[in-house]
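All remarks here apply to the structure that follows.
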Amino acid sequence: MARFHKMHGLGNDFVIFDARAGAVAMDEARARAIADRRTGVGCDQVILLERSEVADLRMRIWNADGGEVEACGNATRCVVLLEGRPVTIETKGGVLSGDAEGIDMGAPRFGWDEIPLAYAMDTGAMPVGWEALEEPAAVNVGNPHLVFFVDDPEAVDLARLGPMIEHDPLFPERVNVNVAAIGGDAIHLRVWERGAGLTQACGTGACAAAVIAIRRKLVASPVEVRLPGGALTIGWTPGGTIRMSGPATYVFSGELAA
């Protein structure tokens, strides 16, 4: 049997397996079955912890649709809590580090081929749109994000537009879709996560929205990003790495066939 931990960061929830002590079989079909909220454990992402040659541990991430992805900020905070010590974490998006105070998410990347996009364009104000959502910015914060600034994120039909944009041919590796608004000194954000859909919170989405807002001089660093599940604090100075802090919660543990 394989022991798992159910955890969440602001409602963005995970089933976490530690495969360092013994192998745990995982592929697209099994991840999708575990993530199913009716017939499985239920989660936004399935996390597998493995041994690493370049960091304290390796974290692999499968979205609810079974696709393996590069990074997840909320899951990283959960893993740091689970470890109970400062750690470095190898991901497909790079090596991250974290402690009880927060996570260093690495440096954002803005090149069109680093997002990636299907062809060259200015990622700071992209000359594209989907209905009323126009001129987004793109950034890779370990995984690809598109950020639209709107008057009211709640008024955007993200359940319909999110998958349309996620699967647009402009994004050869698909994309996470963020709709954000500046309210006072905070960012209000909703996220359609690639492969997971609408979630209560998205750590990398919060990083992406904060970086773009800071880059556009709409807010100062650090900034509070308010999501449906709660708030994260994001700090970034151009040329530096992103720092994210916020809560992580242990829910329960259980066992599944290895």
Check your understanding: Residues of the range 239-258 being touching a helix residue (DSSP H, G or I) at 6+ places or on another chain (Cβ under 9 Å) and of a type in the set (V, I, T), which ones?
Key -> I242, T249
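I'd like the full set of residues that are within 27 Å of F252 (Cβ to Cβ), touching an Asp or Glu at 6+ places or on another chain (Cβ under 8 Å) and either small (G, A, S) or open to solvent by 50 Å² or more (accessible area, probe 1.4 Å) (or both), limited to the range 91-130.
G98
Kindly state which strands (runs of 3 or more DSSP E) lie completely within the range 170-235 and contain at least 1 residues that are open to solvent by 20 Å² or more (accessible area, probe 1.4 Å) and of a type in the set (D, E, K, R). Break it down into steps so the answer makes sense when it comes.
Details: elements: 176-183, 186-193, 223-227, 230-235.
Output list reads 186-193, 223-227.
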Check your understanding: Restricting the search to the range 237-258, which residues are open to solvent by less than 70 Å² (accessible area, probe 1.4 Å) and either assigned to a strand (DSSP E or B) or within 23 Å of Q200 (Cα to Cα) (or both)?
Key -> I242, M244, S245, G246, P247, A248, T249, S253, G254, L256
Review point. Is it true that V139 is in contact with a Phe, Trp or Tyr (Cβ under 7 Å, 6 or more places away or on another chain), part of a strand (DSSP E or B) and not polar (S, T, N, Q)?
Key: yes
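Results for (1) assigned to a loop (DSSP other than H, G, I, E, B); (2) of a type in the set (S, T, N, Q); (3) on the phi > 0 side of the Ramachandran plot, shown as yes or no for each residue.
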position: G98; (1), (2), (3): no, no, no
position: G106; (1), (2), (3): yes, no, yes
position: D113; (1), (2), (3): yes, no, no
position: L117; (1), (2), (3): yes, no, no
position: G124; (1), (2), (3): yes, no, no
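Is at least one residue of the range 33-54 open to solvent by less than 20 Å² (accessible area, probe 1.4 Å), over 18 Å from the mean Cα position of the chain (by Cα) and either among the hydroxyl-bearing types (S, T, Y) or over 30 Å from T237 (Cβ atoms) (or both)? Before you say what the answer is, go through the steps one by one.
From the range 33-54, those open to solvent by less than 20 Å² (accessible area, probe 1.4 Å) are 34-35, 42-49; that's our starting set.
Remaining after also requiring over 18 Å from the mean Cα position of the chain (by Cα): 34.
Remaining after also requiring either among the hydroxyl-bearing types (S, T, Y) or over 30 Å from T237 (Cβ atoms) (or both): 34.
Yes, the range 33-54 contains a residue that is open to solvent by less than 20 Å² (accessible area, probe 1.4 Å), over 18 Å from the mean Cα position of the chain (by Cα) and either among the hydroxyl-bearing types (S, T, Y) or over 30 Å from T237 (Cβ atoms) (or both).
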Practice item. For the range 147-169, enumerate the residues that are within 20 Å of S221 (Cα to Cα) and buried (at least 21 other Cβ atoms within 10 Å of the Cβ). Key: V147, F148
Practice item. State the number of residues belonging to the range 16-31 that are among the β-branched types (V, I, T) and either in a loop (DSSP other than H, G, I, E, B) or under 19 Å from N176 (Cα atoms) (or both). Key: 1
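The values are calculated or read from the model by the stated rules, or taken from the named source; none is laboratory data. All figures in this text were calculated on a predicted structure; none of them were measured in a lab. As a convention, Cβ positions derive from the backbone with ideal geometry for all residues, glycine included, and neighbour counts pool all protein chains shown. For the accessible areas, the whole protein counts, side chains as well, though only heavy atoms, and no ligand, DNA or RNA atoms are used. Shrake-Rupley method; radii C 1.70, N 1.55, O 1.52, S 1.80 Å.
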